[in-house]
1. Can you say whether residue 60 is without any contact (Cβ under 8 Å) to a residue 24 or more places away in the chain, part of a helix (DSSP H, G or I) and not assigned by TED's automatic domain parsing to the domain that holds residue 18, as far as the supplied structure shows?
2. Criterion first (in contact with a helix residue (DSSP H, G or I) (Cβ under 9 Å, 6 or more places away or on another chain), at pLDDT below 75 and surrounded by 13 or more Cβ atoms within 10 Å (Cβ to Cβ)) does residue 7 satisfy it?
3. Among the residues of segment 102-124, which ones are within 12 Å of residue 63 (Cβ to Cβ) and either at pLDDT 80 or above or not in a loop (DSSP other than H, G, I, E, B) (or both)?
């Protein structure tokens, strides 16, 4: 799973957990189910920070940031011309840690993810339908060649 937000840090999560505990102890109304859900989320996120990222997760996070910069550029300038070059450079400046890389790396990962087949069931079915039709057309062509 790739997060569509900046990665949290352990000190921030600990601070947030302490603030929730302080608010709960200060008689401020906080429903117990919400408190438990937030605690579980914080523990999960803290655990997630210790797990190594896969290449696919890094690539997708880079894609997401570049895509965001492209949209910002188009909204600001009203044209797509030059938006990708701008986005690759800005993503290279902004991303740090395991996501860091050069503008060329951002470009490669963006293009890879952009052309990767989607996991959306509708697009998978569509792709499978196109592949089935292509196989049927190949069989039909092969049969017509044999009949000559």
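The values are calculated or read from the model by the stated rules, or taken from the named source; none is laboratory data. Note that the structure is a prediction, hence the values are computed from the model and not measured. Cβ: placed from backbone, ideal geometry, glycine included. Neighbour counts: every protein chain shown.
1. Numbers: without any contact (Cβ under 8 Å) to a residue 24 or more places away in the chain: no; part of a helix (DSSP H, G or I): yes; not assigned by TED's automatic domain parsing to the domain that holds residue 18: yes.
Spelling it out, it is not the case that residue 60 is without any contact (Cβ under 8 Å) to a residue 24 or more places away in the chain, part of a helix (DSSP H, G or I) and not assigned by TED's automatic domain parsing to the domain that holds residue 18.
2. Values: in contact with a helix residue (DSSP H, G or I) (Cβ under 9 Å, 6 or more places away or on another chain): yes; at pLDDT below 75: yes; surrounded by 13 or more Cβ atoms within 10 Å (Cβ to Cβ): yes.
Judged against the criteria, residue 7 is a match.
3. 105, 106, 107, 108, 109, 110, 111, 112, 113, 114, 115
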